[in-house]
Amino acid sequence: QVQLVESGGGLVQAGGSLRLSCAASRPTFNSYAMGWFRQTPGKERDIVAAIGWSGGTTYYADSVKGRFTITRDNAKNTVYLQMNSLRPEDAAVYYCAAAPGVGIEVRQYRYNYWGQGTQVTVSS
């Protein structure tokens with residue numbers, strides 16, 4: 001069982017930045033691929049970014065490429081999502097998730113463990 005706790009959400013003006021953090025409880029954190037997802041009311045949850053176990057492989061949704069950066073610190077059992085140049089359409093509840101296996105994973109159904117979510121609000 002892996003427990004994930006997100007933090008760092010909040011209210012920011014358009015063009016601003018936020019950094020989300022996700023702390024994992026399990027010491028074998030480095031055996032999981034990690035991802036960030038987001039969801040707005042009435043819409044499906046979509047992948048935002050993903051990262052493999054070593055941090056050397058990353059994936060970004062087209063809508064966030066060049067603005068968001070996913071990183072991980074295996075020594076701290078933590079994954080981060082740096083969000084720059086935020087837009088009103090980035091507002092959502094952001095979730096981090098863990099998928100078993102060390103390779104990068106973009107298939108949502110492969111993610112077994114989910115955090116509780118953190119709200120990001122972007123004012124125009």
| request: Starting from residues that are of a type outside the set (Gly, Ala, Ser) and in contact (Cβ under 8 Å) with a residue 60 or more places away in the chain, keep the ones in region 67-92 and report whichever is surrounded by the fewest Cβ atoms within 10 Å (Cβ to Cβ). | output: 88
| Which numbered condition trips up residue 64, out of (1) more than 20 Å from residue 3 (Cα to Cα); (2) of a type in the set (Val, Ile, Thr); (3) part of a strand (DSSP E or B)? | (3)
| Take the residues of region 112-124 that are β-branched (Val, Ile, Thr) and within 13 Å of residue 7 (Cα to Cα): which is most open to solvent (accessible area, probe 1.4 Å)? | 118
| said: Pairs needed: first member in region 99-111, closer than 16 Å to residue 3 by Cα; second member anywhere, open to solvent by 40 Å² or more (accessible area, probe 1.4 Å) and of a type in the set (Gly, Ala, Ser); C-beta distance under 9 Å; at least 6 residues apart or different chains. | reply: 100/31
| field | Residues of region 1-58 satisfying the condition of being open to solvent by less than 30 Å² (accessible area, probe 1.4 Å), among the aromatic types (Phe, Trp, Tyr) and at pLDDT below 95 | value | 29, 32
| said: Yes or no: region 97-120 includes at least one residue that is among the polar types (S, T, N, Q), under 14 Å from the mean Cα position of the chain (by Cα) and assigned to a loop (DSSP other than H, G, I, E, B). | reply: yes
| task | Please enumerate the residues belonging to region 1-47 that are hydrophobic (A, V, I, L, M, F, W, C) and under 15 Å from residue 72 (Cα atoms). | result | 4, 5, 20, 22, 23, 24, 29, 33, 34, 36
| field | Matching entry among 21, 25, 17 (being closer than 20 Å to residue 123 by Cα and small (Gly, Ala, Ser)) | value | 17
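The values are calculated or read from the model by the stated rules, or taken from the named source; none is laboratory data. The structure presented is a predicted model; accordingly, all values stated were derived computationally and were not measured. Cβ coordinates were reconstructed from backbone atoms using ideal geometry, including for glycine residues, and neighbour counts include every protein chain displayed. When the accessible area is computed, the model is the full protein with side chains, heavy atoms only, and any ligands, DNA or RNA have been set aside. Shrake-Rupley method; radii C 1.70, N 1.55, O 1.52, S 1.80 Å.
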